[in-house]
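Report on one structure; see the data block that follows.
The values are calculated or read from the model by the stated rules, or taken from the named source; none is laboratory data. The model shown is predicted, which means the values in this text are computed figures rather than measured ones. Using ideal geometry, Cβ is built from the backbone for each residue, glycine included, and neighbour counts are taken over all protein chains shown.
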Amino acid sequence: MRAFFDGAFKKKFAEFLRHPIVDKMVGVIAISPMIFTLSVFAERALEGYINLYGSLMALNQVLIVGFTLVRRVPVRVSTNPLYWFITAGRTYWTFVVFYYIAVWPSVAIVPGFVTQALLVLSIAIIIWARLSLGRSIGFIPAQRRIVSTGIYAYLRHPIHIGYVLFLLSFMLQSFSTINCVIIGIGIVFTLAKSFIEERFLCESHEYQVYCDRVRYRWIPYVA
């Protein structure tokens, strides 16, 4: 009886999440912190406080907000609580990184041009992935439309490797023990999100075919 109830509840909850209005509301809730940070960024930019890190992250968040507002309705949505927890950690841990790295004393351990190059590379990958993904964007693991064009013709999880590189550029520029821990947690969340997304999507034959065609998750010819 309990198994039946759990199964029936999950089925009804998944149907609820697939409703266009509910999906839109969930998306708006998910991007609310980003809208707030964009308003703070705009205010600081008008005051003359602007840097490369903040500008590129703002561009990424603009794309997230824009595509989320017009995203496709999902075919399937995960109701797994662990997946939701990992998704929340992966999505919002960046805000923790931004805040605490600015607070704790740290030192740069490589020349500035190295971290700047890594930063630009990471954001270029993320932006290309955002544009390739388009209206199929999501936070909670969900199947909207399998995207196999753009950067997704070469990598299955380009956004995640882009974020890992982004966090590494932060760590190299602002190195300290506590920053390594904070950034390390962010990297763990990011890689975990990659695995749970794939596990969920592989329930679809279409995605299995895509995996057979695009063999690498993060780095061509490596992994």
Flag if Leu38 is of a type outside the set (Lys, Arg), without any contact (Cβ under 8 Å) to a residue 60 or more places away in the chain and crowded, with 17+ Cβ neighbours inside 10 Å: yes
Some residue of region 27-34 being within 16 Å of Phe98 (Cα to Cα), under 17 Å from the mean Cα position of the chain (by Cα) and not basic (Lys, Arg): yes
Output for region 1-32, where each listed residue is modelled with pLDDT of 90 or more and over 19 Å from Val77 (Cα atoms): Ser32
Flag if Arg156 is crowded, with 18+ Cβ neighbours inside 10 Å, closer than 24 Å to Tyr83 by Cα and touching a Pro at 6+ places or on another chain (Cβ under 8 Å): no
Residue within region 121-128 that is aromatic (Phe, Trp, Tyr), free of Cβ contacts under 8 Å to residues at least 40 places away in the same chain, surrounded by fewer than 20 Cβ atoms within 10 Å (Cβ to Cβ) and over 25 Å from Cys180 (Cα atoms) present: yes
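For region 93-108, does any single residue satisfy the condition of being crowded, with 18+ Cβ neighbours inside 10 Å, in a helix (DSSP H, G or I) and within 13 Å of the chain's Cα centre (by Cα)?
There is at least one residue in region 93-108 that is crowded, with 18+ Cβ neighbours inside 10 Å, in a helix (DSSP H, G or I) and within 13 Å of the chain's Cα centre (by Cα).
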Where Val214 falls short, out of the listed (1) touching a Lys or Arg at 6+ places or on another chain (Cβ under 8 Å); (2) among the β-branched types (Val, Ile, Thr); (3) under 16 Å from Asn60 (Cβ atoms); (4) in contact (Cβ under 8 Å) with a residue 40 or more places away in the chain: (3)
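Considering only residues that are surrounded by fewer than 20 Cβ atoms within 10 Å (Cβ to Cβ) and part of a helix (DSSP H, G or I), which ones fall in region 49-63?
Leu52, Tyr53, Gly54, Ser55, Leu56, Ala58, Leu59, Gln61, Val62, Leu63
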Selection from region 109-142 of residues that are of a type outside the set (A, V, I, L, M), in contact with a helix residue (DSSP H, G or I) (Cβ under 6 Å, 6 or more places away or on another chain) and not in a helix (DSSP H, G or I): Phe139, Pro141
